[in-house]
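Asker: I'd like to ask you about the structure that follows.
The values are calculated or read from the model by the stated rules, or taken from the named source; none is laboratory data. Since the model is a prediction, treat every value here as computed from it, not as a measurement. Here the Cβ is made from the backbone with ideal geometry for all residues, glycine too, and neighbour counts use every protein chain on show. Please note that ligands, DNA and RNA were not included when accessible areas were found on the heavy atoms of the full protein model with its side chains. Shrake-Rupley method; radii C 1.70, N 1.55, O 1.52, S 1.80 Å.
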Amino acid sequence: MPSSDYDPASLPDLLPLYYRRLFPFSQYYRWLNYGGVQKNYFQNREFSFTLKDDIYVRYQSFTTQNELEKEMQKMNPYKIDIGAIYSHRPNQHNTVKSGTFQALEKELVFDIDMTDYDDVRSCCSAADICCKCWTLMTIAIRILDRALREDFGFQHLLWVYSGRRGVHCWVCDEAARKLSVAARSAVAEYLSLIKGGEETVKKVVLTDPIHPFIRESLAVVERYFPRYALQEQDILGRKESVDKVLSLVPEDILFTVKELQQDFQNEKKPESRWKLVRDQATKKQATAKKGQYFEKEIMLQYCYPRLDVNVSKGVNHLLKSPFSVHPKTGRISVPINLKELDVFDPFAVPTISLICEELDRPRAGEDEEKSEESKDKENEKDAAERRKIRDYKRTTLAKYVKYFDQFLDAMARSWKGELLRKSDLQKEF
């Protein structure tokens with residue numbers, strides 16, 4: 001099977017191999033156990049599996065990494081979702097007195113889906129994406145990552161490609177995991193600028209003075225706007241697109257719209273047309289009390305992140321797990337290294353068919369490894385673990401697992417401090 005050709009019908013054959021030899025269980029457990037700082041943190045975590053034919057199994061929970069591995073290798077889920085840490089073990093929720101089974105903690109999460117941008121992208125629609133509109137995800141990550149780190153002080157942000165048409169963010173700091181529903185809602189609202197549904201024409205309204213957070217976000221949008229909106233989406237090209245942009249110009253300056261339409265007759269280049277819009281906005285800023293930032297509102301409406309706020313608000317909301325496989329595309333849901341964000345290509349993300357095929361390719365040094373493995377027979381578990389590490393390193397999944405390891409190393413430094421603090425407290429008599 002050629003590497004890029006993924007056939008959804010092959011998934012039942014590929015998943016057992018993926019979970020047996022490639023899924024990074026040790027890193028996955030290390031992440032969700034959070035250094036064992038809090039008792040029963042991993043054990044009280046909900047996992048949800050979607051099996052073949054959309055059979056949905058909620059409230060799965062596991063005592064150890066080994067137990068999680070065995071169950072995933074037995075069930076071979078098509079999709080894995082991660083939920084909250086509960087007051088009791090989720091797999092025993094039916095035995096707990098009614099009302100006492102509560103979601104206590106979870107990472108603060110964000111879900112950005114390309115379908116929410118359909119009114120401002122002309123290249124694709126619905127579940128389809130291309131390299132042109134993927135820029136919207138790059139902008140979203142840049143804006144949200146800066147705000148979460150600088151405005152809120154969070155440090156441990158894991159950005160993950162969903163496997164098809166979006167990105168997820170897991171804010172893993174202890175302070176983020178302990179946030180109440182009200183606090184999560186406040187963070188999500190602070191980060192939301194696009195207001196109103198399909199029937200709302202103007203979705204961004206700025207007031208004077210512009211909030212520092214919006215100014216920072218505009219600085220990001222301005223970097224990408226000329227290439228993304230003016231050239232690739234050609235928002236000032238076709239009459240239909242031009243009318244859409246001009247409908248966002250404030251109503252009290254309709255003469256401005258007429259002027260712009262007139263000027264556009266003589267000026268066909270998108271960059272020059274946009275300069276005319278900016279010039280009109282500058283004029284308005286000198287005289288108006290309201291609507292004077294309309295060119296900034298247009299830029300934000302076309303480029304600002306569109307969050308699914310409900311995903312962020314709920315502690316018990318499930319979100320697709322990193323390293324889950326997308327059943328339709330076959331792509332692995334991989335962590336995104338922000339140092340390489342501008343060159344991240346969703347179409348270059350490995351598919352399950354590619355990495356399973358890479359496992360079958362012969363490679364140098366295989367005979368020596370086999371003799372090593374025979375020596376390892378006395379310690380079967382270690383041998384299996386070593387084999388698994390070698391297996392994923394033979395595939396294009398390796399660089400994503402390596403980045404996940406680096407993320408975990410940075411988090412582990414904060415766990416060590418917490419464990420030391422706890423041991424010091426216990427020594428105080």
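Asker: For Val201 and Asn91, FRET efficiency with R0 = 41 Å and r from the beta-carbon atoms, rounded to 0.05?
Answerer: 0.25
Asker: Another question about this same structure. Assuming R0 = 60 Å, what is the FRET efficiency of Asp243 and Arg20, from their Cβ-Cβ distance, to the nearest 0.05?
Answerer: So the FRET efficiency works out to roughly 0.60.
Asker: Arg386 versus Asn266, label points 7 Å from Cα toward the beta carbon: distance in nm?
Answerer: Once both label points are built, they end up 7.8 nm from each other.
Asker: Can you work out the Karplus-derived ³J(HN,Hα) for every residue in segment 311-325? Use 6.51 cos²θ - 1.76 cosθ + 1.60 with θ = phi - 60°, whole Hz, and x for glycine or proline.
Answerer: 5, 6, 6, x, 6, 8, 6, 7, 9, 4, 6, x, 6, 6, 9
Asker: If I stretch the segment between Glu71 and His211 completely, what's the gain in nm (0.36 nm per residue apart, minus their alpha carbon distance), one decimal?
Answerer: Going from the current span to full extension adds 45.5 nm.
Asker: For Ile55, what accessible surface area do you get with a 1.4 Å probe? Give it in Å², rounded to 10.
Answerer: Here the accessible area works out near 90 Å².
Asker: Another one. For segment 240-290, report the accessible area per residue in Å² (1.4 Å probe, heavy atoms, rounded to an integer).
Answerer: Result: 66 Å² of accessible area for each residue.
Asker: Shifting gears a bit: When the chain is modelled as a GNM with alpha-carbon springs shorter than 10 Å, which of Cys123, Cys356, Cys133 fluctuates the most?
Answerer: Cys123
Asker: On to the next question. At 7 Å along the Cα-to-beta-carbon direction for both Gln102 and Val257, put a label point, then send me their distance in nm to one decimal.
Answerer: Result: 5.3 nm between the two label points.
Asker: Build a GNM of the chain with springs between Cα atoms under 10 Å: which of His211, His317, His168 gets the top mean-square fluctuation?
Answerer: Residue with maximal mean-square fluctuation among His211, His317, His168: His211.
Asker: Separation between the Ala175 and Ala127 pseudo-spin-labels, each 7 Å from Cα along Cα→Cβ, expressed in nm?
Answerer: Output for this residue pair reads 4.0 nm.
Asker: Okay, helix-only estimate at 222 nm for the chain: each DSSP H run of n ≥ 4 adds -39500 (n - 2.57), divide by all residues, round to 500 deg cm²/dmol; what do you get?
Answerer: -14000 deg cm²/dmol
Asker: With the other protein chains left in place, how much accessible area per residue, in square angstrom, belongs to segment 42-163 at a 1.4 angstrom probe?
Answerer: Value returned for segment 42-163: 40 Å² of accessible area per residue.
Asker: In whole percent, and with a 1.4 Å probe on the protein chains, what portion of the accessible area of the chain is carbon and sulfur?
Answerer: The C+S portion of the solvent-accessible surface of the chain is 51 percent.
Asker: Would you mind checking the pairs Lys52/Lys79; Lys79/Lys195; Lys79/Lys106; Lys296/Lys339 and listing those with alpha carbons more than 21 angstrom apart?
Answerer: Lys79/Lys195; Lys296/Lys339
Asker: Which residue fluctuates the most in the chain, going by a Gaussian network model with Cα springs under 10 Å, if the choices are Asn337, Asn76, Asn94?
Answerer: Asn94
Asker: Would you mind calculating the gained length between Gln285 and Thr115 on full extension (0.36 nm times residue separation, minus the Cα-Cα distance), in nm to one decimal?
Answerer: Once the chain is fully extended between Gln285 and Thr115, it gains 57.8 nm.
Asker: Further question on the same structure: What is the calculated FRET efficiency for Gln231 to Val57, with r their C-beta to C-beta distance and R₀ = 51 Å, to the nearest 0.05?
Answerer: Efficiency computed from Cβ-Cβ geometry: 0.60.
Asker: Multiplying the sequence separation of Ser10 and Phe152 by 0.36 nm and subtracting their Cα-Cα distance, what value in nm do you get?
Answerer: That pair, Ser10 and Phe152, stretches by 46.7 nm at full extension.
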